[in-house]
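Quick notes on the structure that follows.
The values are calculated or read from the model by the stated rules, or taken from the named source; none is laboratory data. Just so it is clear, the model here is predicted, and its values are computed rather than measured. With ideal geometry, Cβ positions are generated from the backbone for all residues, glycine too; neighbour counts draw on all protein chains shown.
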Amino acid sequence: MPRLPAVAEGVACVLTGRKWDVLICSVIAVFLLVFAFQLPDIKPIARTYPLVVMCGAAICLCVVVYRIFRPKGGAAAHAGESASGGGDAVDAAAEAENGAKEEKNSNAYVLWYCAAILAYILLIERLGFIISTAAFGVFSLLYQGNRNRAVVIILPAALAAALYFVFANFLFVTLPQGSLIQRFF
Amino acid sequence: MWDNIAYGLSQIFVLNNLWIMAAGIIAGIIFGALPGFSATMGCAVCVPFSYVLEPQQALLLLSGVYCGGVYAGSIPAILVGIPGTPASAPTAFEGRALTRLGRGGEALGICTYASSMGGFLSSIALIFLAPALALIAIKVGPPEQAMIAVFGLSVVCMLSPDAVFKGLLVGFCSLLLACIGQDPQVGFPRFTFGSVDLYGGVSLVPILIGLFSFPEVISMLETKDGVFIKSANPGRIRFKPGVLIKNLFNQIRSTIIGIFIGIIPAAGPDIASFLSYNTAKRASKQPEKFGCGSEEGIIASETANNAVTGGSLIPLLALGIPGSAPAAIFLGAMYIHGLRPGAALFRDHSDTVYTLLAGFAVINILMFFIGLLFCKISSFILVIPKSVLSTAIVVLATVGAYAIGKNMFDVIQMYAAGICGYFMVKNNYPVSPVALALLLGALLESSLAQTGVMYRGNYLMMFTRPLTVVFACFVILSVFWPVIMKALKKLVNKVGKSA
């Protein structure tokens, strides 16, 4: 298989090693572009300050991106060494693969939990605070491996009911009662 | 001023206020003692509970949470070696060693006393320095306000020398977020993307709740241990008066360090505790004892980290610049209750302010007794599964964010801020600039606009004002601080080598 040029290998190495930094910088770049496209619709007098701030952000972003990709002593050399083989390199590669698998599993675990939180937030207004909180509580405890039946059943319901009671009677905040529930009952 | 202090003291000893302070301290101790929670999170989650209270009661509640939260991080630090808050990390070194020697009760007693003493002395400084600084604040006009806001934001450079540009990037992006909504000059809606919910701008408190609580929840998910390590039984909680008298100078020095660090915007208790610990080690006659159970180390660390609490409120009340992350949340709560920091606060709301100032001193005294009680039962409370804690944080954060505006959009903002906060923390992007920029962004823009009107667009004229020049010097110092520190280190190494 033909070897990539050293520079490309270096960039690939950086992208793999610092993929989160690259991803974050990309997201920030998109964020700035989205705001930049809104600027023409804003009156000139109200536009100057955000424009200056955006320029400041863009300059800092360029510096951060430069620091991610700037050639360090190790990067290109590492790209060269990784192709040279040897027993230690094979062990290190296997370890890196296992680490990557574990990270993937951990990321998926966290991602599903975040999705569950989002679903909980979106369902509060439809199902009501008490039902959605109790359901989320049960899911959260079971998802994180808590198998104590008393805790899994009682804690979410008690927490939801207690918070509803405190907020309604002492803080005068009526939590959502659920549009779906109100429709059917 | 003495009349106001006397009035404040008279308000403190009203039964309702005493209950509220005690409730705040207990909530703060619970948040601070549980690893994964923090004083900042405690303040963020308790802000919605303060809405129905009178402004002075709300501030007393949050002060109790703040002081209790900072103190209580030392309890798991001593009993299980895991600091409840980063500020208690030095205490973990010494306290755990003492626990292994069977002197855990003594460590807890010393720590409780040192925290209360540091907090109490800083509250005395707060009583005298905040009004004095507020007098200077009378001379502050739009140019000075703009420079103060820039200084507050530039401190981010001083605090993250290894990630200066990341900190600046976060600061600028947060300033851009603060532009969402109506501009302060002509009320033109900006960056609302057609959404009515964004006309009023982003919601500060829900964002702070998400930023400071979600990263901890997700970190708990990533470490899948079921239950915390069972904590050691502390035994009898006590402290020897001789140890405390021997460390009197240590306490005074640590208090001064804590107050000074507290005054610096965005510098928090963690910096103060490490700085004080290292200073005590260098000054100690028995430095070899550090790391093996040194009472000096615990006293230095705990006195300083609680002294930050009073110190951080000094620039907050006088200039509107929060001295720490919990103080930033404090400021958000003040805005919600219609209190604007500055000279006008001391003039128009002197009853509220002096009740807070007097209350701060009493809170630290109460914290001593409540803290000692809590130490006795702490070994039971620390054994709580992470699954329960993370579930409770998510639910509390959600309901807290909703309660502010009774609007699910605030909860969405909280969630989005939480996810962003997690990625920021994981990739070494500082989170403090977000809070500062959202708080100071509006002030910066409006004061720059007013300055432009004052000097007809010639912004350089603002540097003819002495206070503006003073703050500009602070800005330059904070921006170039990492460079200065590097150069100093090189010089010291060079001198050391040549010697």
- Query: For segment B:480-492, does any single residue satisfy the condition of being touching a helix residue (DSSP H, G or I) at 6+ places or on another chain (Cβ under 8 Å) and closer than 11 Å to B:E144 by Cα?
  - Reply: no
- For B:G201, are the conditions met, namely being within 14 Å of chain A (Cβ to nearest Cβ), under 27 Å from B:G42 (Cβ atoms), buried (at least 21 other Cβ atoms within 10 Å of the Cβ) and at pLDDT 85 or above? no
- Can you name the helices (runs of 4 or more DSSP H) wholly within segment A:1-108 that have at least 1 residues being surrounded by fewer than 14 Cβ atoms within 10 Å (Cβ to Cβ) and at pLDDT 60 or above? A:19-38, A:44-69
- Which condition does B:I218 not pass, out of (1) surrounded by fewer than 24 Cβ atoms within 10 Å (Cβ to Cβ); (2) within 30 Å of A:Y143 (Cβ to Cβ); (3) modelled with pLDDT under 85, if it passes all the others? (3)
- Message: So if I check each of B:V45, B:V65, B:V70, B:V80, which one is hydrophobic (A, V, I, L, M, F, W, C) and within 14 Å of another protein chain (Cβ to nearest Cβ)?
- Response: B:V45
- Query: Within segment B:17-30, is there a residue that is in contact (Cβ under 8 Å) with a residue 60 or more places away in the chain and touching a strand residue (DSSP E or B) at 6+ places or on another chain (Cβ under 9 Å)?
  - Reply: yes
- Of all helices (runs of 4 or more DSSP H) fully inside segment B:1-94, the set with 3 or more residues that are within 20 Å of B:G311 (Cα to Cα) and under 20 Å from the mean Cα position of the chain (by Cα) is B:15-33, B:39-46, B:55-72
- For residues in segment B:336-359 being charged (D, E, K, R) and not in a loop (DSSP other than H, G, I, E, B), which is surrounded by the fewest Cβ atoms within 10 Å (Cβ to Cβ)? B:R347
- Query: Where residues in segment B:380-430 are away from every other protein chain (no Cβ under 11 Å) and in contact with a Pro (Cβ under 8 Å, 6 or more places away or on another chain), which of them is surrounded by the most Cβ atoms within 10 Å (Cβ to Cβ)?
  - Reply: B:A417
- Message: Being aromatic (F, W, Y) and surrounded by fewer than 24 Cβ atoms within 10 Å (Cβ to Cβ) is the requirement here; does B:F13 meet it?
- Response: yes
- Item | Residue satisfying all of: in segment A:104-137; β-branched (V, I, T) and within 9 Å of chain B (Cβ to nearest Cβ); farthest from B:V411 (Cα to Cα) among these | A:V110
- Consider B:V186 carefully, then state whether it is facing chain A (nearest Cβ under 9 Å), over 23 Å from B:I271 (Cα atoms) and surrounded by fewer than 24 Cβ atoms within 10 Å (Cβ to Cβ). yes
- Message: For segment B:360-368, check the following and say yes or no: at least one residue is buried (at least 22 other Cβ atoms within 10 Å of the Cβ), under 25 Å from B:E216 (Cβ atoms) and within 14 Å of another protein chain (Cβ to nearest Cβ).
- Response: no
- Every listed condition ((1) modelled with pLDDT under 85; (2) touching an Asp or Glu at 6+ places or on another chain (Cβ under 6 Å)) holds for B:V80 save (2)
